[in-house]
Amino acid sequence: MSLAFYYFLSITAIYILMSWALYLPYRVGQLHFMSIANMAICGYFGAYAAKSWGWPFALVLLAAVGIGGAVAFITSLAIGDAPCFTVVIVGFTYIFLIKTVIENWDLLGGTMGFFGIPRVKGLLLITYSIVFGAGFLIHRFDRSALGRAASAFFVDRDLAKSSGVDIKKLGMLLQTFSGILGGLCGVLYGFLMNNLFPEFFTFGMVGTCMTMLFVGGYTTMWGVLVSAPLLWGIPLLFPPEIASWRIIIYGVLLIAVLVIKPEGIITRKLVYNAKKKLFGRTKRTS
Amino acid sequence: MEVFVAQVINGLALGSIYVLLVTGFNLLLLVALIIHFSFPQVVVFSMYISWIVLKATGNNMLLGFLAGVGSSVLICVATAPLFQRATRKRRGVDINTTMVISLGIGMIITELLSHEFNEGFPIAFPENVAGRKALVQFGLISISEGQVYALAAGGVAVLAFFLILYRTRMGRAFRAIAEDPQNARLTGIPVLKTGILSYALTGLLGGITALLLSILLGSASAGLGESVALKVLAVSIIAGLGNLKGGLIIGILLGVLEALTQGYLSGSWSNAVVFGVMLIVILIKPKGVFGGRL
Amino acid sequence: MVRNDGKPILKIKDLSVSYGHINALKHVAMDVNEGEIVVLIGSNGAGKTTVLETVLGLNRPDTGDVLFRGKSLVRKPVDSIVRSGLFLVPEGRGDFSSMSVSDNLLLGAHHNMGDTEDKFRLVYDAFPVLEERKNQVASTLSGGERQMLAIGRALMSSPELIMIDEPSLGLAPLAVKGIFDILARLNSEGYTILLSEQNAYKALKCAHRGYVLETGTVALSGSAEELLGKERVREAYLGA
C-alpha cells in the first residue's frame, strides 16, 4: 500500500468519525462543536501519556473514551436541551479555550507543536475497527425507538416531545456519544501523524466536518460515508496551489447545498429505496 | 488605581463596539429573522478592504471609510438572498439553516484573510488614522483620540439606531416584523423587502464598526474576526437573543471586563479568562440572563 | 367615499382553496357591492377566515378568481393588495401589543403616509378613547378598545373595502353592541364592509346581505332579512 493511500484511508476514517460526532447531536437539532475540543483534549492527553508515561495504546484509547465522554457528559448536564445557538457558542468557546491553553503550555509543545508520539502497529486496522464499531452502534440507535423519536424532532419538535421522550436525556446521550467519538478521533489522529499542532483543532476542522455532514446529508448516517472520502480525497488530486483553497471551496459547497438541496446527497428517501431494492420489503422505515 | 481607571475607559470604548455589533446581529435576528454568526467577520473583512484602499490612495481617510462601509453593505445585501432562500423553503428548523449558512460565510472570509490578503499576516493601520495620540493625560491615564471617537461614534450610532427604530416609518415596520411577522404581513408590510432593508442597515452599522475598530485597535488579523464574533455572540446569548437593551448593558460590561483583565493579565490569558467567565455564565443560564427569543 | 352605487366592488368567482389535502373552500362565489355591509356566517371551520385571507392574498387558490374593481387579486403579493384599497382586521384584533396606540395606527397608514393628521382626526373622532390613550402600549387596552384600535388601523389605510374577521370574538356584550354600532356608522359614512361572524343575529341585524358557509361551500345567501327569517339559519346560528 502506498504511503499516500495509507494516509488517505486513515484521515478519511477520522473525518468519518468526526462527522458522525456532529451527526448525532444534530438529530435533535444541535450543532455540537465541542467534540472538536474533545479531539484536542484527548489527542494531547493521549500523546503525552504515551510519550512521557509510556502508556500502551489500548489504555490511551480507553482514556480517550473516558475523558471525552466525561467532559461531554458534564457539559451536557447544562446544555442537554439548550437551543442550538447556545450549544454552538459553548462549543466554539471550548475550542478557543483549549487552543489557548495548549498554545501557552510548554509541556504540550505550545504553538511549536507536540512531537515524538510513538508509532502503533496496525493503526489502520484499529482505526477502521473503531469506524465499524461506531457505525454499528449508530445504526442500532437510528433504528431504535429513541432514534426515531430523535429524527421526528426535525419534522415536528412538539410531536417528538409528546412521544414521551425526555429531550434533555436524549440530548445528553447524543452529546456524550459525540464527545467520545471526538476523543477517539484525537487519539487516532495523534498516533497517525506522530505529532500534534494546535491550529489543526480549530474552526477549519469545524468547517470541514460541517461541510461533510451537510453535503453528504444530515438526515442519515450514510451521507458522511460518501462525502468524507470525496471531499477529502478530491482536493488531494490537485496541485498544492489549488489545494490551499480547499476550505474556501468547502464553504462555497456548504452554502450551495443548503440553498439548493438542504437534505444533502444521501437523503432518507434514497436510503429507503436502496434498502428496498437490496433487501426486499423492509419491516419499518429507518 | 490609575490602571483601573485607564482600563475602564478602554473598556467603555471597546464595549461600545461590542454594542454596535450586537445591535446589528439583533437587527438581523428580529427583522430578517436570521442568525448571522459571521457578521463580525464581515466587519473585519471590511477593515481589510479599507486598509487596501488606504494603501492605494495614500491614506485618504474618507475613501478608506467609504470603502469599508461600502464593502460591508455590499456583502450583507449580496448574501441576503442566500439566507432568504434558505428560510423560505422549509418550515421548522429554518433558523438553524441560516446559522450554518453564516458559518459557511465566516469560513470563507477567514480563509481568504489568512491566505490571500497580505499573505496572511496581520495588517496595521497607519499612525494618524489609528488616532493613538493622547488627547488628555492624568498621570497613567491617557485618553487617546481613538477612544474618544469610538465612544462618541458608538454612542451616536446606537442613538441614531434607536431613533430610526422608534421614530421612523421603516423602524415601525421593523418593530412590527420583530413582534409578529405574520401579522405584519397582514398589515401590508412587505416583509421580504423590509428584511432586505435591514440587511442594508446592518451593513451600514458594520461599516461604522469597522472604522471604529481600525481606530481603536490599529490593526487587524484573520483571527480577529473569529474571536470578536465569539464574544459578540456570547454577549447576545447572555443578554438574551433579540434583547436590544440587554445587549447594550452586557456589551459594555464585557468591554470593561475584557479591558480590566487585559490590564492585569498578559494578552492571550486575558482572552481565556474572559471566555471562561462567559462560558460559566452561559452554562448556568443557557437560555440567557435577561431572557429573549429562542 | 361612495362611487358607483350598487356595482360589485368585490367579486369572488368559483374559489377553491386547499391546505395540503384539506379542501377548505369548494367553488365559493360571492359579491360585495359598493356601500354594503355583507356578512359571512358559519360555524368554526366553515371557511370564513379562509375566504377573507384568500382575498387578501395570504393563500393561493386552486381554482377561481377574486376580482376587486374588475382587477384580479390572485397571485398578487399581500402588500400590493393592501395598497389597492383592501384591509383585513384579523381574528384576534391583529394589533401589535408591544407598540403604542399611535404607532399601531401609523402602521395602518404604512402605504399612504400623506395626510396623517387628517387620518388621525378621523380615527380619533370615531374613537375618542383612542386619542386619550394614544401613547399607551396596546397591551394595556381593554378588549373592546383593542378592537377599536384594530378598526382604527384599518381606517388609517383609507380603504375601499374593510374586511373584519369575527369582530365580536372575545368581547363583553356591551362592547359587542358598541362595535356593531360603530360598523353601522362607518357604513353610513360610505365604507364597504365584509365581515365574518359566529354571532349571526347581531351581524345580520346591521348587514345588508349575507352568505352562510358550511364546510367550505355557500349553503345559503340572500338579504339580511331573508336570512334572519329562515328556520335553518335560526336553528343553527342564531344562538348567542
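The values are calculated or read from the model by the stated rules, or taken from the named source; none is laboratory data. Not measured: the values here are computed from a predicted model. So basically every Cβ, Gly included, is an ideal-geometry build from the backbone, and we count neighbours across all protein chains shown.
Some notes on this structure:
- Considering each residue of segment A:240-247 in turn, at least one proves to be of a type in the set (Gly, Ala, Ser) and more than 22 Å from residue A:64 (Cβ to Cβ).
Conditions tested, residue by residue: (1) of a type in the set (Phe, Trp, Tyr); (2) within 30 Å of residue B:85 (Cβ to Cβ).
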{"position": "B:16", "(1), (2)": "no, no"}
{"position": "B:24", "(1), (2)": "no, yes"}
{"position": "B:27", "(1), (2)": "no, yes"}
{"position": "B:31", "(1), (2)": "no, yes"}
{"position": "B:36", "(1), (2)": "no, yes"}
{"position": "B:41", "(1), (2)": "no, yes"}
{"position": "B:45", "(1), (2)": "yes, yes"}
{"position": "B:54", "(1), (2)": "no, no"}
{"position": "B:62", "(1), (2)": "no, no"}
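- Residue in segment B:149-169 that is surrounded by fewer than 19 Cβ atoms within 10 Å (Cβ to Cβ), at the interface with chain C (Cβ under 9 Å from one of its Cβ atoms) and part of a helix (DSSP H, G or I) present: yes
- Being modelled with pLDDT of 85 or more, buried (at least 17 other Cβ atoms within 10 Å of the Cβ), out of contact with any Ser or Thr (no Cβ under 6 Å at 6 or more places or on another chain) and part of a helix (DSSP H, G or I) is a description that does not apply to residue A:213.
- Here residue B:92 clears all of (1) at pLDDT below 90; (2) touching an Asp or Glu at 6+ places or on another chain (Cβ under 9 Å); (3) in a helix (DSSP H, G or I) except the condition numbered (3).
- Residue within segment C:102-110 that is outside any strand (DSSP E or B), within 14 Å of chain B (Cβ to nearest Cβ), on the phi > 0 side of the Ramachandran plot and surrounded by fewer than 21 Cβ atoms within 10 Å (Cβ to Cβ) present: no
- Helices (runs of 4 or more DSSP H) wholly inside segment A:53-147 containing at least 2 residues that are closer than 15 Å to residue A:34 by Cα, in contact with a Leu (Cβ under 8 Å, 6 or more places away or on another chain) and not hydrophobic (A, V, I, L, M, F, W, C): A:57-79, A:84-104
- Looking only at segment C:169-206, and only at residues there that are modelled with pLDDT under 85 and touching a strand residue (DSSP E or B) at 6+ places or on another chain (Cβ under 8 Å), the one that is farthest from residue C:134 (Cα to Cα): C:200
- Options C:133, C:93, C:83: the member that is surrounded by 16 or more Cβ atoms within 10 Å (Cβ to Cβ), within 17 Å of the chain's Cα centre (by Cα) and under 21 Å from residue C:175 (Cβ atoms): C:93
- Breaking point among (1) under 24 Å from residue C:185 (Cα atoms); (2) of a type in the set (Lys, Arg); (3) within 14 Å of chain B (Cβ to nearest Cβ), for residue C:76: (1)
- Residue that is nearest to residue B:183 (Cα to Cα) [pool: residues in segment C:111-154 that are within 13 Å of chain B (Cβ to nearest Cβ) and assigned to a loop (DSSP other than H, G, I, E, B)]: C:111
- For the residues B:254, B:233, the requirement of being under 27 Å from residue B:107 (Cβ atoms), at the interface with chain A (Cβ under 10 Å from one of its Cβ atoms) and among the aliphatic types (A, V, I, L, M) singles out B:233.
- Subset of segment B:36-51 [over 13 Å from the mean Cα position of the chain (by Cα) and touching a residue at least 60 places away in the same chain (Cβ under 8 Å)]: B:48, B:50, B:51
- Restricting attention to segment A:63-108, the residues being among the small types (Gly, Ala, Ser), at the interface with chain B (Cβ under 10 Å from one of its Cβ atoms) and touching a helix residue (DSSP H, G or I) at 6+ places or on another chain (Cβ under 7 Å) number 2.
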